Amino acid sequence: MDATDTASSERGMAEAHSQPGGLDISFNNAGIGSSGIHELMSHEDVARFST
């Protein structure tokens, strides 16, 4: 997956979910520094903070 490409990330997560046993947890270790609740950030907000 390319963490900077939303479509790539969505495809990768869909693939992981489709595998036997599915996906229990996912970690984003892309090194973004920001304040706030990340789960509530839009893809555009994340992209803005990561540049």
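The values are calculated or read from the model by the stated rules, or taken from the named source; none is laboratory data. Quick caveat: nothing in here was measured; it's all calculated off a predicted structure. Counting neighbours? That spans all protein chains shown, and the Cβs are built from the backbone with ideal geometry, glycine included. Accessible surface is based on the protein model in full, side chains and every heavy atom, while ligands, DNA and RNA are left aside. Shrake-Rupley method; radii C 1.70, N 1.55, O 1.52, S 1.80 Å.
Taking interchain pairs and intrachain pairs at least six residues apart, which have beta carbon atoms under 9 angstrom, with the first residue in the stretch 16-27 and open to solvent by less than 80 Å² (accessible area, probe 1.4 Å) and the second of a type outside the set (D, E, K, R) and not in a loop (DSSP other than H, G, I, E, B)?
Every condition considered, the pairs that remain are G22/A16; L23/M13; L23/A16; L23/H17; S26/M13; S26/A16.
Taking the stretch 33-44 on its own, how many of its residues are at pLDDT below 80 and either in a loop (DSSP other than H, G, I, E, B) or touching a strand residue (DSSP E or B) at 6+ places or on another chain (Cβ under 9 Å) (or both)? Quick ask: steps written out before the conclusion?
First, pick out the residues of the stretch 33-44 that are at pLDDT below 80: 33-39.
Narrowing the set further to residues that are either in a loop (DSSP other than H, G, I, E, B) or touching a strand residue (DSSP E or B) at 6+ places or on another chain (Cβ under 9 Å) (or both) leaves 33-37.
Going through the stretch 33-44 one residue at a time, the tally reaches 5.
Pick from A3, A47, A14, A30: which is at pLDDT 80 or above and out of contact with any Gly (no Cβ under 9 Å at 6 or more places or on another chain)?
Residue meeting the stated conditions: A14.
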